[in-house]
Amino acid sequence: MPRCPHPDRMAIVNRFARAALVVPLVLAAAACGSDDKPASPQVSSAPAVVPSAVPEASADAVAGDPAEQAAAAVAAMSDADLAGQVLMPYAYGSNATVVDQGSAAGNQGLAGVNTPAEMIAKYHLGGLILVGFTAKDPTGATNPTTNVENPKQVRELTDGLQAAARQLPGGAPLMIGTDQEYGVVTRVTEGVTMLPSAMGAGAAGQPKLTEAAWRAAGEELAAMGITVDFAPVADTLGPPANTVIGSRSFGSDPKANSQQVAAAVRGLQGAGVAAGLKHFPGHGHTSGDSHETLPVVAQSKAAWTTQDLPPFQSGVGAGAGVVMSGHLDLQAFDKGVPATFSKKIMTDVLRGQLKFTGVAVTDAMNMPPAMKWPAGEAAVRALNAGNDMLLMPPDLGAARDGILAGLKDGSLKKDRLTQAVTRILTLKFRTAAKPQPALTVVASAPHEQAVAALDAASITLLRGPCSGALLSGPVTVTSSSDREVARINLVKALQAQGFKVQAAGGTVVHLVGYGDKAVDLDPSARVTVMMDTPYLLAAAKSPVLVATYSSSKLSLNALAAVVAGKAKASGKSPVAVPGLPRTAC
């Protein structure tokens, strides 16, 4: 169906600035509409939006400063507009205006509309998160659908979402976020340059390489139309039992983590994508999973200050635009209250102690600790605690109505809501000011080179010889179940290094990864490779133990070079593995 042309980001800013001064936004809606109807069973939309009355403002007030643009836009908004700006749900469907019947049914259940564009129009949304479900993803429970496939599809989707947002009052672009952490939590996996997990970067221990890799990632996200990446994970990893964070963390050393977090933030923000630190105040020193229950953080204030605080402080200092709250019971500060709903944590600590002035976003509001209250009450509680944007409310209408009811009965002050929206809009205008890269940057050679350098520095030998080839003669690559893609990628990488690889009878290289246990190990393997946290290597009998922390193609290429003796394993495990050194070299 016909679509309006997509302007670059600077043109968007100028258009949005003018839109804050004039009313005829409906004309844009009419211009972008279409009477064409897609063939069944697809459902399409071209929603009409009636803007609020817009007060007078001077052109100078919106000329270019994001904060002034935000103030002018906020002045144009009704209470309903303000309430919509703090909502960031997910939606069903891989296109903004044309979805299949299953996606339409999902959107009807979530928001009473058929398409993502209609959802934006109905609720005057400030943001939308792109989601992807995979069975082994530790965050999968909050992602019941998938609307990302490949870079071209994502760009078309985000173009359509922004077109819908341009029809809204106040002239603000949409905040489009996703969880592109790399490693086990990665939404867009096809056709992009895959970074190693955070723990892989921690093993490399070279912040300059981390920054370059994350700048490449940021450029690719920006090209796809994603404006906020809910990464990096700033949690300092504590007990090995913490599998929900695991390799998503840079490691267990708060000082080293701080350097890595700051580097990732600089990379993303330098590419024009807002970095989202998570999960404040720190999910690393827990064994519980906030996707299932309310994890307890039992540290003293002193321990939290020395272990969990530094990476967040460093990330804020590096300019992170977003901090995500965690549904965590930090007992030393506000016992029994999830941090998301704690003013002591989200306002007194985050704003007061860390001096954070950006956007505070809740972790998913469809997680059990946040569903202790009805959606409307939870929304008001989260805003009053100091959050600015509510991620993935379980009932979009109830969340919006709860905010409006809070304004009427005084349980939510207008100033608090206005403050939240002003922060959101300031970030959105700042992000939109950077021209959007072309899709040709995605998976480009310079990006692969930057990421490959980080991968090469991450490979860690925990047992075995530090020089020369780790194998000779024919090789057989085996793996635990569900790792065929990684196995084939390693086969190809070893062949490229000159190895003869055969289906059976060769010297065995065995791959294990996220979620595997001792039963998944092969005691006959000469080389055991762990593609996630290295803890399982403590139970392996192989004479050669290697950690890649990642199953990406570039990580396995780097591994093959080490196996062939053409590169050194220069990484150092960023977590302690019982009975093994951080590195054997």
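None of the figures in this text is laboratory data; all of them are computed from the coordinates on show. Predicted model only: the values in this text are computed from it and were never measured. Positions of Cβ are generated from backbone atoms using ideal geometry, with glycine treated the same way; all protein chains shown enter the neighbour counts.
Take the Kirkwood radius over Cα pairs of region 114-235, plug it into Stokes-Einstein at 37 °C and 0.692 mPa s, and you get 213 µm²/s for translational diffusion.
Summed over qualifying helices (DSSP H, 4 residues or more, each -39500 (n - 2.57)) and divided by its residue number, the chain shows a 222 nm mean residue ellipticity of -11000 deg cm²/dmol. Here the extension length gained between Thr293 and Asp79 equals 73.7 nm, from 0.36 nm per residue of separation less the Cα-Cα distance. Using the Cα coordinates of region 302-353, the gyration tensor eigenvalues translate into equivalent-ellipsoid semi-axes of 18, 13, 9 Å, sorted from longest to shortest. Placing +1 on the Cβ of every Lys and Arg and -1 on the Cβ of every Asp and Glu, with nothing else charged, gives region 505-585 a dipole about its Cα centre of roughly 320 debye. Considering only Cα atoms, the convex hull volume of the chain works out to 138 Å³ per residue.
Legend: residue pairs Lys122/Lys344; Lys500/Lys541; Lys208/Lys343; Lys278/Lys428, Cα-Cα distance threshold 30 Å; pairs beyond threshold, Lys122/Lys344; Lys208/Lys343.
Here the gap between Ser300 and Arg416, fully extended at 0.36 nm per residue and compared with their Cα-Cα distance, gives a gain of 38.7 nm.
Here the Karplus curve 6.51 cos²θ - 1.76 cosθ + 1.60, taken at θ = phi - 60°, turns the phi angles of region 195-202 into couplings of 6, x, 4, 4, 5, x, 5, x Hz, with x standing for Gly and Pro. Residues in region 263-275 carry Karplus couplings, in order, of 5, 4, 4, 4, x, 4, 5, x, 8, x, 10, 5, 8 Hz; the curve used is 6.51 cos²θ - 1.76 cosθ + 1.60 with θ = phi - 60°, and Gly or Pro positions show x. Here the Kirkwood formula, the inverse mean of 1/r across different C-alpha pairs, assigns region 276-425 a hydrodynamic radius of 15.3 Å.
Assuming charge only on the beta carbon of Lys and Arg (+1) and of Asp and Glu (-1), the dipole of the chain about its Cα centre is about 1280 debye to the nearest 20.
Does a label point 7 Å from the Cα of Cys466, set along Cα-to-beta-carbon, have any residues of region 567-585 with amide nitrogen under 14 Å, and which are they? It comes to 568-573, 581-585, nothing else. Percent of Cα pairs in region 534-585 per distance bin of 10 Å, from zero to the largest separation: 23, 55, 22.
For region 384-459, the convex hull drawn through the C-alpha positions has a volume of 183 cubic angstrom per residue. The convex hull of the Cα atoms of region 469-585, projected and averaged over all directions, covers 6.5 nm². The angle between the Cα long axis of helix 207-223 and the main principal axis of the chain comes to about 50°, on a 0 to 90 degree scale. The distance linking region 315-347 with region 372-439 is 16 Å (Cα centroid to Cα centroid, whole angstrom).
Distance distribution P(r), region 428-524, all Cα-Cα pairs, bin width 5 angstrom from 0: 2, 9, 13, 18, 18, 13, 7, 6, 5, 4, 3, 1, 0 percent.
Using only the C-alpha atoms, the convex hull of region 315-396 corresponds to 80 Å³ per residue. Directionally averaged projected area (region 161-319, Cα convex hull): 10.4 nm².
Considering only Ala105, Pro196, Pro281, the residue lying farthest towards the positive end of the dipole of the chain is Pro196, judged by Cα position with unit charges set on Cβ.
In the distance distribution for region 340-449, Cα-Cα pairs more than 18 Å apart total 57 percent.
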